[in-house]
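Worksheet: the structure to be examined is printed underneath.
Computed from the coordinates by the stated procedures, all read-outs in this text should not be read as laboratory data. What you are looking at is a predicted structure, and each value in this text was computed from that prediction instead of being measured. Counting neighbours? That spans all protein chains shown, and the Cβs are built from the backbone with ideal geometry, glycine included.
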Amino acid sequence: MRLAGKIAIVTGAASGFGRGIAEAFAREGASVMIADRDTKGAAAVAAGIGKSAVPFTCDVALKADVDAMVAACVQTFGGLDILVNNAGVTHKNQSLLTVTEEDFDRIYAVNVKSIFLTTLAAVPELEKRGGGSIIITASTAGVRPRPGLTWYNGSKGAALTLTKSMAAELATKNIRVNAINPVIGETGMIEQFMGMPDTPENRAKFTAGIPLGRFSKPSDIANAALFFADPASAFITGTAIEVDGGRCI
C-alpha cells in the first residue's frame, strides 16, 4: 500500500473533498485523524473508515484547537507524516461590495490563517519523522479568478503563494509543500459558489466553461492528494495541480 505506516491529519474531513482524501489515505494504509468543526460528521466518517481513523473536533482558525489537534494525533498514532490543509469556507457568489466584514474575516481566518496555525503546530512533529508532506487545497479561483467571488479568490491566491514560499523555506527540513486547485465541485458549498440553486440548468452554465464537461468530485481531489502524500512524489515541492477538467487552459 502506498501510505503504509504513514500518519495523516486531514482538516475539513467530515464531508466533501476532505472526506474523499481521508478515505483514500486510509485505503492506502495510513492512519488518519478526521478533523472538522462538525463533530458528528467527523465521527461518522471515522467510524466508516474503521480503526485506522479517529475524529477530532477542531476550528482551524483557533490556535488552541489546532495545537490540540496535532497533539492528539501524536498521542494517538505516535507522530505525524502528512498534513492536509483542506478546510475552507466561501461567501455566496455576489458583488464584492456586498460581502460583509464578518464573512471576509471568517474566510481569511479559515482559508489563510489556518495554514499559518497548522504549520506552526505540525512542522516540529514532521521534523521528528525526518520530514513529511503538507498539502493545501487551494482553488482554480486563485489562478483564474472570476467575478462574484473576489474575496474568496484572494484567499486562495494567498494559499498558492504560501505553498511556494513554504516549500522553499521548509525544503531544508525535508518537508514538501504542494497544492491542489479544484474547479467547482460536488460539495456542500456548491450553491454558494454558484450563487443560485443547484439545478441541472444552472450546473450547465458552469460546466460550459469546463472542457471535460463536469464538476470535480471528491475522488478527483483525493487522487491528487494521494500523489502528493506518496513517497513517489518525493522530488516534487512548491507545485499546484489544477484538477479542473481543463478550466484553466
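Here are the numbers:
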quantity: Under 5 Å, built H, 5+ apart or other chain: amide partners of Ile175; calculated: Gly132
quantity: Estimated vicinal HN-Hα couplings, Hz - region 79-84 in sequence order (Karplus 6.51, -1.76, 1.60; Gly, Pro = x); calculated: x, 7, 10, 9, 10, 10
quantity: Where a label projected 7 Å from the Cα of Thr76 along Cα→Cβ would reach, residues of region 132-148 with amide N under 15 Å; calculated: none
quantity: Residues with amide H under 5 Å from that of Val32, placed H, sequence gap 5 or more; calculated: Ala8, Ala53, Val54
quantity: Radius 13 Å from Cβ of Glu28, net charge of other residues (Lys, Arg +1; Asp, Glu -1); calculated: 0
quantity: Net charge of neighbours whose Cβ lies under 14 Å from the Cβ of Gly142, counting Lys and Arg as +1 and Asp and Glu as -1; calculated: +3
quantity: Mean separation of Cα contacts under 8 Å (6+ apart) over length of the chain, as relative contact order %; calculated: 21
quantity: Length released on extending from Arg129 to Glu28, taking residue separation times 0.36 nm less the Cα-Cα span; calculated: 34.4 nm
quantity: Kyte-Doolittle at least 1.0, axis length at least 15 Å by Cα - qualifying DSSP helices, the chain; calculated: 39-49
quantity: Built amide H within the under 5 Å cut-off of Val89, gap 5+; calculated: Asn111
quantity: Region 45-138 pair-distance distribution - Cα-Cα, 10 Å bins, rounded %; calculated: 15, 41, 29, 12, 4
quantity: Gain upon complete extension [Thr98, Arg214; 0.36 nm per residue less C-alpha separation]; calculated: 38.8 nm
quantity: Electrostatic dipole magnitude of region 51-102 [Cβ: Lys, Arg +1; Asp, Glu -1; Cα centre; debye, to 20]; calculated: 200
